[in-house]
Amino acid sequence: MELSNHQNSDFYTPLNEVLGYKAHILILRSLWEAGVSMSHAELVRRTGISPPGIHKAVKRLGAKGVLEYTGSGRQLQVGIRNSYPLSGAIRGLFQAENRRHEEFISDLKKIIQLLDEQPMSVWVYGKFARGGDEYGDPIQIAVLGSVKSTDTLAEALRKQITDADLESLYDLTIGVTGLTRADLEFQPELLQGELILLWGASPNSFVPGYREKPGNISTHQDLDSRSRKYARAWAELLKHNPEVIDRTRDYLRQMIRDIQTGDKNELEEWLHILETMPYQRLRKFLLSDSERSTQLRQSMPFWPVLRERERDALMSRLPSVNKM
């Protein structure tokens, strides 16, 4: 008997229901990312789905045997049921989804290292950087160079991308724009919203007058004071999103392998910290007034691995932190 005769069978085609709702996918992805069970309230925070929506979706997934409950009352938690026959395959889908993004960014960084002349800065901006892209939207990459070199740099990067066949490999379109410092001043949209830094210094640091803007740091004391406030926000984010620590460890290992030149000491020190410190020790380290903590707070390694939801959660904590 052909499979087409069983399109509504719970045994033959369970993924019709399991992956047939966006809410189901958001919940399963959140549980996979966290690697632990969590409450309905935490799922609401992570997915942005309303409490009634979470309740209905969890109930449907529970009825299909995909999720299981632990605890009771206020301690009630929900997680992916390990004995569900397709749980490994579902986790594999999210792993492949995440790996595709990480490998794409890593490939871009490697390609930039192959350029004969290094740009001042290279970054991704627009919908892709914000996490709001749709299929077919171009990935927008900006290359910052001098007036004499910017066109050459942009063309060289385009050629490297073509030679590596990245567009076919990742099934997307990549656009490269060459820029000068003057372009940044007159095209502020290139620096708005989330950016993914691929090479060099932050493009904001090249904007004329950037260092003189109100609120920028002028003394080491001011810098440390702000870094402590940011550290409190980071500590809270890591408490609720422990998977960020795992992703940062993977990111640091990759960076240490890929860097051909330069000082790896700081990256290696952060990796050692994240590999050896449980959360409670890490929190105290981030907030410590020790010389080592003060120095390393200036180079928090977590930013590159944050997802849009996590960035939003961090930024939502910063206003209250800044009042402290």
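The values are calculated or read from the model by the stated rules, or taken from the named source; none is laboratory data. Nothing here was measured: the structure is a model prediction, and the numbers come from that model. Note that we place each Cβ from the backbone using ideal geometry, even for glycine, and neighbour counts take in every protein chain shown. Accessible surface is based on the protein model in full, side chains and every heavy atom, while ligands, DNA and RNA are left aside. Shrake-Rupley method; radii C 1.70, N 1.55, O 1.52, S 1.80 Å.
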(request) Read phi for every residue in region 126-140 and hand back ³J(HN,Hα) as whole Hz from Karplus 6.51 cos²θ - 1.76 cosθ + 1.60, θ = phi - 60°, with x for Gly and Pro. (result) x, 4, 5, 5, 7, x, x, 6, 10, 4, x, 5, x, 7, 9
(request) Compute the long axis of helix 150-163 from its Cα atoms, compare it with the longest principal axis of the Cα atoms of the chain, and write down the angle in degrees, 0 to 90, nearest 10. (result) 40 degrees
(request) Rounded to the nearest 10 degrees, what's the angle between the helix 265-276 long axis and the longest principal axis of the chain, both from Cα atoms, 0 to 90? (result) 20 degrees
(message) Given contacts defined as C-alpha pairs under 8 Å and at least six residues apart, what's the relative contact order of the chain, whole-number percent?
(response) 13 percent
(message) With angles folded into 0 to 90 degrees, how steeply does helix 220-240 sit against the dominant principal axis of the chain? Use alpha carbons for both and round to 10.
(response) 10 degrees
(request) Name the long-range amide H neighbours of ILE139: under 5 Å, sequence gap of 5 or more, or other chain; modelled H, no Pro or chain starts. (result) THR173, ILE174, GLY175
(request) Hey, can you find the accessible area per residue of region 1-156 for me, probe 1.4 Å, expressed in square angstrom? (result) 56 Å²
(request) Express the carbon and sulfur contribution to the solvent-accessible surface of region 27-164 as a percent, rounded to the nearest whole number, probe 1.4 angstrom. (result) 52 percent
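Can you give the charge dipole size of the chain about its Cα centre, rounded to the nearest 20 debye, using +1 on the beta carbon of Lys and Arg and -1 on the beta carbon of Asp and Glu?
Working: 43 positive and 43 negative charges, 334 e Å.
Here the chain has a charge dipole of around 1600 debye.
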(message) Could you compute how fast the chain diffuses translationally, taking Rh as the Kirkwood radius over C-alpha pairs and applying Stokes-Einstein at 37 °C with viscosity 0.692 mPa s? Give it in µm² per second.
(response) 146 µm²/s
